1. Please give, to one decimal in nm, the separation of the simple spin-label points placed at residue A:139 and residue A:151, each 7 Å out from Cα toward the Cβ.
2. If you bin every alpha carbon distance in the stretch A:70-168 into 10 Å steps from zero, what whole percent lands in each bin?
3. Determine the dipole magnitude for the stretch A:70-168: charges of +1 sit on the beta-carbon of Lys and Arg, -1 on that of Asp and Glu, nothing else is charged, the reference point is the Cα centre, and the result goes in debye to the nearest 20.
4. For each pair in B:131/B:288; B:103/B:131; B:106/B:164; A:132/B:192, compute the distance between the two Cα atoms and list the pairs where it is over 20 Å.
5. Could you please tell me the mean projected area of the C-alpha convex hull for the stretch B:247-346, averaged over all directions and given in square nanometres to one decimal?
6. Let me check the size of the stretch B:151-273 from its C-alpha atoms; what are the radius of gyration and Dmax in Å?
7. Modelled label-to-label distance, residue A:120 and residue B:247, 7 Å Cα→beta-carbon offset: nm?
8. Would you mind getting me the FRET efficiency between residue A:161 and residue A:7? Use the beta-carbon distance for r and R0 = 56 Å, nearest 0.05.
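FYI, it's all coordinate maths here, none of it is from the lab. A quick note: this is a predicted structure, and the numbers were derived from the prediction, not measured. With ideal geometry, Cβ positions are generated from the backbone for all residues, glycine too; neighbour counts draw on all protein chains shown.
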Amino acid sequence: MPDSTPSIAILIEQLSAPDAEARASAAEALCRAGESAMSAATALVAACADDHDGVREWAAAALEDLGAPPPEQIADLTAFAAAKHPLVAYWAVTLLGRGGEGASSAVPALEACLAPGTAIEVRQRACWALGKIGPAAASARAALTAAASDADPRLSRLAGEALAGLPG
Amino acid sequence: MARALSTKSLVRWLAALLAALSLIGGLSLREPSRHPSSQQATAIFDGLAPVSAHAADAVSPPGAAVPAPPIGAAPGPSLLPASRPWDAVLIASFNIQVFGESKIAKPHVVEILARVVRQFDIVAIQEVRAKSDGVIPRFVDAVNADGSRYHWIIGPREGRTVSKEQYCFLYDMNRIEVDAGSIGVVPDPGGKLHRPPMHVRFRTRVVPESKAFTFWMVDIHTDPDEVPQEIDALVDVFTAMRTARPDEDDVILLGDLNAGPPQFGRFTKTPDVTWAVSGATTNTHRTKTYDNLIFDRRATTEYLGRWGVLDLQSTFGLPLDRALEVSDHNPVWGAFYPCESVGAPAASGGIAGVAQPVR
């Protein structure tokens, strides 16, 4: 039986369609594709800012299962980490964290996410991501140290865990 | 297993509770939250409405002898009975991926989901994701379209981002009732769990109330990016739930753990804690073990040693892409004796009446 599933490239294009239902269908199909939709990671992160609830929900669900991003997507994800939309920034930061040491070029952007005024879930995730990057995140030590004394217990704990992974 | 309460045991329980609370730090039980359906649940629990004619085939005849739980468990997954037996309560967990407006609008998907639910007495659902409150009522209408009498309890929207999820329990009112005062969410002031679990205490109603199996169910969907930390926190949740009430030691923690038994961490070192699903995949792609039911084998001697994974593809004859339209997870289930066990001899070196769990 021929495979009737549209290719990932077509679904990525469809995520930008004018029709919201078409965008939602594309996000759902990418979600069902699982890790094979990895090349859609950046497009799915962008879709987290969609006005349509269905697009956002399916995009977020797809991102949950994607795993670590390929190296060629690190730069775009790093740019998205500074997005004003918290859900976009949250997922960009999450994917960068999954990239581990391979996402070390994103350390300055992740450090910037720790600043007070950023959405708390993004700050927390940035601490987590820096912890995943490990020793290569040493340049974020000062920001992590400040976050470790934050009143938010989760932020404080994750910053402490990230600091524990830094050398010396 | 039932606990008899005496002054001595109450004092011991209070001491244990204090010790447990001091150990778990940020995780402790908070007052149950009230949800729209809990008032209906109160009516069910207080009223103990007579079992309808519809349920007559499913329950034991009045005054029937209550046999002991069978000895011997299947070494692997069991076949789901064609119809629900009166001498077993079938409890399932099902992550219905992104269960919201788009999924409920697909009749062919809803039909499969309804057929899944009707095979079980209670289904703990994860991933209800909808802005409106209408999805579950519409779904329950679909489940009950064949004359079934399922009802639901749904939790608050949870999650750290704007993309939130709800836990939900569907249960067959002919066979199960809810302790309305037991509905709540485990407080998590330390932010250890992305979606703090929801707890509800149930009671079987296929046997006289004095003999009915009562138990906590704790529904959880872990964050796939923080599985080890969340599993560790769930051990504390499980421990706290075991002492949440002096008269209840049966706790079934179930859901999408995003982890299989090799990743169960401190659970594997906690005496007598065991799980139903072992050596089987639970995702629709048949590649991972994510879903399970965890309980204490010495306390929950009602476990019959029967468990399974309801494979959506083979059960409903669906190709993979159609099964994935239903969910990326298969339901998992375990069978429990509907009567409260009165205890097993602690010195026996084993568990009387039930098989040793498969690890």
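1. Label-label distance for residue A:139 and residue A:151, simple model: 3.2 nm.
2. Bins of 10 Å from zero give 20, 55, 24, 1 percent of pairs.
3. Numbers: 8 positive and 8 negative charges, 31 e Å.
Roughly 140 debye for the stretch A:70-168.
4. Values: B:131/B:288 30 Å; B:103/B:131 13 Å; B:106/B:164 22 Å; A:132/B:192 17 Å.
Too far apart for the 20 Å limit: B:131/B:288; B:106/B:164.
5. On the way: hull surface 29.9 nm².
So the mean shadow area of the Cα hull is 7.5 nm².
6. 15.0, 45
7. Result for the modelled spin labels: 3.8 nm.
8. Numbers: r = 40 Å, r/R0 = 0.71.
After rounding, the FRET efficiency stands at 0.90.
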